[in-house]
Amino acid sequence: AVGSAPDEVSARPSPQAIELPEPVSYRLKRFLLGPPLVSERLSEERLDNVTALGVLSPDCISSTAYGPEEILRELIPAIGVAAYSLLMPITFAVIAVLFFVTLSYREVVTVYTKAGGAYVVGRENFGIKVAQIAAVALIIDYVVTVAVQTAAGTDAVTSAFPALNPWHVEITVGVVLLLIYGNLRGIREAGRVFALPTYLFIVSIGVVVIVGIVRAAAGQLHHHQIHLPGVALGHPGNGFLMGASLFVVLRAFANGGSSLTGLEAISNGVATFRRPEGSNARRVLVVMSTILGALVLGVSYLAVVTHAVPFRNGSPTVISQEARFVLGSGWFGKFGFYAVQGCTMLVLYTGANTSFNGFPNLASFVAKDAFLPPQLTRRGHRLVFSNGIIFLGVVSIALLLVTHAQVNALVAVYAIGVFTGFTMAGAGMVRYHLRHRARGWRRRLVVNGFAAVLSAIVVVIFAVTKFTEGAWVVVVLGPVLVVALIRLHAVYVQEQDRLAEGVERAAEAPVLKRHVVLVMIERLDLAAARALQYARSLSPDEPRAVHFVLDTRAAQELEEAWTRLGISRVSLELIECPDRRLVRAALELAADIVSDGQTELSVLLPRRVVSGALRKLVLFHGRTGDRIAAVLDQLPNVSATVLPFQAGGRRFRLPWDEEQAAQAALTGQRGKAHPVSTGTEVQSLFPEGPPPGTVPIGSLRPRQRAKVAGRVRSVRVQPGAGISTLECTLADETGQIDLVFQGRRLVPGIQPGAKLIAEGMVGQRARRLAMINPSYTILQAVGGEDSGT
């Protein structure tokens with residue numbers, strides 16, 4: 001209940017008012033990444049169709065830069081100049097696959113408007129375990145996408161500036177590091193800036209294709225010499241395939257399939273579209289596929305006309321040669337050439353950045369389903385999945401180093417994951433249509449089924465034709481990863497079941513009759529003294545200090561020090577340990593104490609810790625306490641706690657002096673802290689000023705009616721010994737006050753992080769200022785959406 005209180009009692013100071021210096025590691029993180037973002041900044045901007053096309057399609061459309069080149073890379077070493085006769089038929093075959101996969105994903109984005117993609121489709125239709133096939137395929141796809149896109153982007157750079165070619169790997173790795181840094185700072189793909197490179201690339205390549213077609217029709221383009229250093233050439237033969245075997249043609253077709261990567265990005269980002277999400281996503285998907293198909297056909301046609309040829313080291317690229325041949329060598333042609341290369345570089349690097357948005361989100365979905373570590377579900381300093389970003393970047397860099405950042409070496413492991421995802425999405429939609437049988441389901445079933453079969457055939461072609469070039473890694477590693485995820489899931493489920501079993505019974509179980517507290521003492525110092533003080537604060541029936549005798553002389557010195565200092569509130573017990581198995585001796589002692597079934601045992605293990613890398617290296621302390629705690633925790637009615645004690649470096653102190661601390665100890669109240677900024681407040685609570693009529697919480701006094709505004713820092717459910725009550729702490733920059741809602745266990749919208757206005761009579765509850773059953777208005781609920789009263 002709220003009673004009267006002395007007028008000098010004021011609101012509790014906010015946590016920002018306590019001087020807690022930040023560690024160097026955090027200050028460095030803040031300097032590099034910027035101030036942390038608060039949760040309400042998580043709300044995403046809805047994209048119009050024009051912006052969505054530019055933001056979500058760079059990975060897909062940028063594959064124009066290397067798709068036709070990868071086809072030629074297989075054909076020219078086999079049949080030489082005759083490769084250009086097969087380039088267009090193979091390109092048309094790739095476009096046919098693009099057509100059917102696009103039709104399939106039109107159905108996906110129509111049905112799954114909140115979260116799409118192969119993983120969600122597979123999970124909803126085949127179950128969570130089968131969906132891990134799609135999860136593994138997409139994880140591989142995202143990793144290789146970063147490597148392929150950045151390597152191809154660097155090829156565009158070295159094509160414009162050949163002198164940079166010796167540093168190809170270093171440049172590519174540097175770009176990945178920059179992408180990691182930028183994404184850790186919170187760069188979001190929803191930003192309109194990411195749409196610009198896509199449109200610049202479309203316009204630049206479109207101009208090259210159109211000008212090339214016009215000049216070809218006018219007879220101004222001709223075949224160029226392909227017998228050049230750095231080009232692997234074969235010799236044409238006779239027959240329908242110009243002397244190429246069916247196996248070579250299938251390899252070329254598989255390489256061309258890399259042009260379809262990134263097609264799933266629309267379904268992954270369908271929730272960012274404006275309403276109606278499904279219809280808008282369908283339109284953008286069709287436009288994206290149409291642009292991709294047109295550009296790929298145009299680049300392949302210009303390759304046939306000009307005989308642009310792929311080089312072994314990837315530079316100059318086919319698309320750069322076409323730009324040079326088409327635009328000419330005049331000043332305008334040179335300017336256009338560098339503009340095309342610049343746009344190509346930007347869109348490829350931007351396409352790599354899409355994986356840094358897609359992979360962390362996919363990993364968080366899989367982790368929430370308990371198939372990956374839960375650390376991947378946590379947002380970091382700037383509201384991004386930092387662990388997922390770092391993992392993706394590190395693995396991508398390792399892949400680039402192994403393959404020397406060669407696009408051709410990466411393509412071998414690229415499209416298997418992509419087309420496996422296409423297969424899962426199409427097959428999942430077939431299952432969906434068979435279960436729901438909505439209007440027109442038969443036609444949709446045929447579309448999705450045919451796309452799934454076609455994609456599966458491409459997967460087989462890739463696995464067979466590219467097996468010796470690296471595809472074996474995916475063929476072998478894929479099933480192993482699927483099994484590993486399923487096994488990991490079983491471990492997580494078993495752990496969750498064990499932790500959930502008997503929660504209510506354990507929480508409400510009667511307290512055992514006897515409580516013993518043991519303090520494991522190695523030597524008598526401040527760490528041990530602090531542990532002894534803490535042991536007495538637990539009010540045990542029997543506090544005991546225990547020392548296992550490993551060294552007789554050390555035990556005698558401890559006994560003499562204990563007697564000399566006159567420590568009488570805790571008894572010291574010396575126990576022999578002849579075999580020096582300290583963990584075993586502690587286990588036997590604990591088991592003996594709790595053997596009656598009526599004793600609760602708390603074991604305190606003081607541990608000396610030091611700050612700073614040099615101190616940790618020089619003043620090394622063992623982890624015996626951790627090993628003892630890990631064993632003792634397996635006994636019933638035993639709780640082992642490691643008590644760290646800072647042995648070196650600066651210790652935090654509250655910002656009141658000794659006299660104030662003594663007075664606070666007598667009255668049970670804290671003195672008022674001086675507002676000292678710690679740098680943890682990332683932004684003003686109300687940037688546009690406090691709501692009208694509100695007063696700072698720090699100015700409140702008992703027995704006054706007031707209206708305040710702030711953020712909910714904490715919520716306490718049923719704090720009144722079983723009475724239905726909900727309490728929350730409301731804070732602004734000046735202080736904190738408790739809001740008490742009696743007779744209610746839940747107040748919709750009042751959650752940690754919510755902003756609200758509260759109005760009521762200020763009183764005192766448990767020596768803290770409080771309002772009982774105040775009227776309130778929620779200004780911003782958790783997640784960024786506004787709410788009512």
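The values are calculated or read from the model by the stated rules, or taken from the named source; none is laboratory data. Just so you know, these numbers come straight off a predicted model, no measurement behind them. Neighbour counts run over all protein chains shown; Cβ positions are idealised from the backbone, glycine included. Each accessible area value is taken on the protein alone, full model and side chains, heavy atoms only, with ligands, DNA and RNA left out. Shrake-Rupley method; radii C 1.70, N 1.55, O 1.52, S 1.80 Å.
What to note about this one:
- Filter pass, Leu200 being over 19 Å from Ser355 (Cβ atoms), touching a Cys at 6+ places or on another chain (Cβ under 6 Å) and either surrounded by 24 or more Cβ atoms within 10 Å (Cβ to Cβ) or aliphatic (A, V, I, L, M) (or both): yes
- Applying the condition of being closer than 16 Å to Pro691 by Cβ and of a type in the set (Val, Ile, Thr) to segment 725-760 and asking which residue is surrounded by the most Cβ atoms within 10 Å (Cβ to Cβ) yields Ile737.
- Apart from one condition, Ser539 fits all of (1) in contact with a strand residue (DSSP E or B) (Cβ under 9 Å, 6 or more places away or on another chain); (2) exposed (fewer than 12 other Cβ atoms within 10 Å of the Cβ); (3) within 24 Å of Ala585 (Cα to Cα); the exception is (3).
- Condition check for Ala147: under 29 Å from Ser204 (Cβ atoms) and among the aliphatic types (A, V, I, L, M): yes
- Looking across segment 461-493, the residues that are surrounded by 14 or more Cβ atoms within 10 Å (Cβ to Cβ), β-branched (Val, Ile, Thr) and either within 16 Å of Ala254 (Cα to Cα) or in contact with a Pro (Cβ under 8 Å, 6 or more places away or on another chain) (or both) come down to Ile461, Val464, Thr465, Val474, Val475.
- Test: residue in segment 494-503 that is in a helix (DSSP H, G or I), at pLDDT 85 or above and loosely packed, with under 12 Cβ neighbours inside 10 Å: yes
- Of the residues making up segment 45-80, those that are over 29 Å from Thr306 (Cβ atoms) and open to solvent by 10 Å² or more (accessible area, probe 1.4 Å) are Glu45, Arg46, Asp48, Asn49, Val50, Thr51, Leu53, Leu56.
- Matching entry among Gly388, Gly380 (being over 26 Å from Tyr199 (Cα atoms) and open to solvent by 10 Å² or more (accessible area, probe 1.4 Å)): Gly380
- Selection over segment 558-572 of residues that are surrounded by 13 or more Cβ atoms within 10 Å (Cβ to Cβ) and modelled with pLDDT of 80 or more gives a count of 6.
- In segment 367-376, residue modelled with the highest pLDDT [restricted to those that are crowded, with 19+ Cβ neighbours inside 10 Å and part of a helix (DSSP H, G or I)]: Ala367
- Segment 329-366: number of residues that are of a type in the set (A, V, I, L, M) and open to solvent by 10 Å² or more (accessible area, probe 1.4 Å): 4
- Condition met for Phe201 (modelled with pLDDT of 90 or more and assigned to a helix (DSSP H, G or I)): yes
- Reported count of residues in segment 763-789, each being within 19 Å of Arg716 (Cα to Cα), hydrophobic (A, V, I, L, M, F, W, C) and modelled with pLDDT of 85 or more, is 5.
- Flag for Asn125 being in contact (Cβ under 8 Å) with a residue 60 or more places away in the chain and surrounded by fewer than 18 Cβ atoms within 10 Å (Cβ to Cβ): no
- Test: residue in segment 385-395 that is farther than 30 Å from Glu495 by Cα and in a helix (DSSP H, G or I): yes
- A Cβ distance below 8 Å, combined with a sequence gap of six or more or placement on separate chains, defines the contacts here; from segment 84-106, residues that are among the charged types (D, E, K, R) reach residues that are assigned to a helix (DSSP H, G or I) and open to solvent by 10 Å² or more (accessible area, probe 1.4 Å) in the pairs Arg106/Arg282; Arg106/Val286.
- Subset of segment 430-470 (residues that are free of Cβ contacts under 8 Å to residues at least 12 places away in the same chain and of a type in the set (S, T, N, Q)): Thr468
- Residue within segment 334-342 that is touching a residue at least 12 places away in the same chain (Cβ under 8 Å), under 39 Å from the mean Cα position of the chain (by Cα) and closer than 25 Å to Ile95 by Cα present: yes
- Cβ pairs under 9 Å, 6+ apart, first in segment 554-575 and under 20 Å from Asp541 (Cβ atoms), second of a type in the set (Asp, Glu) and open to solvent by 40 Å² or more (accessible area, probe 1.4 Å): Ser571/Glu542; Leu572/Glu559
- Just so you know, in segment 301-360 the residues that are of a type in the set (Ser, Thr, Tyr) and not in a helix (DSSP H, G or I) include one that is nearest to Ile202 (Cα to Cα), and it is Thr317.
- Filtered residues of segment 253-277 (kept if open to solvent by 10 Å² or more (accessible area, probe 1.4 Å) and in a helix (DSSP H, G or I)): Phe253, Ala265, Asn268, Ala271, Thr272, Glu277
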